[in-house]
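The values are calculated or read from the model by the stated rules, or taken from the named source; none is laboratory data. Note that this is a predicted model, so its numbers are computed, not measured. Glycine gets a Cβ as well: all are built from the backbone with ideal geometry, and neighbour counts include every protein chain shown.
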Amino acid sequence: MKAENAKVKQMAVQTMPIIQNIRQQQGSHIINVAVPFSDGKKGIQAIANLDKYLATNGLE
């Protein structure tokens, strides 16, 4: 469980500047963003609510 929490926190640290830039550059008309993830073999996209992401510092 600790390793999983560490991964979530690391992803939040890496993605927060990008998500903040989207909010600053595009304004408040963007509601959700798709964040691509890959394990090197398979890729998926996670949908994140922009306001909730910023309010929780990327932890939700």
Anything in segment 36-52 that is touching a residue at least 12 places away in the same chain (Cβ under 8 Å) and surrounded by 10 or more Cβ atoms within 10 Å (Cβ to Cβ)? List them, or say none. ALA46, ALA48, ASN49, LEU50, ASP51
Look at ILE18 and say whether it is out of contact with any Gly (no Cβ under 9 Å at 6 or more places or on another chain), surrounded by fewer than 10 Cβ atoms within 10 Å (Cβ to Cβ) and among the β-branched types (Val, Ile, Thr). no
Pick out the one residue from ILE18, ILE47 that is at pLDDT 90 or above and touching a strand residue (DSSP E or B) at 6+ places or on another chain (Cβ under 7 Å). ILE47
Single condition ALA12 does not satisfy, out of (1) surrounded by fewer than 12 Cβ atoms within 10 Å (Cβ to Cβ); (2) assigned to a helix (DSSP H, G or I): (1)
Expected single match for among the small types (Gly, Ala, Ser), surrounded by 10 or more Cβ atoms within 10 Å (Cβ to Cβ) and at positive phi among GLY58, GLY27 is GLY58
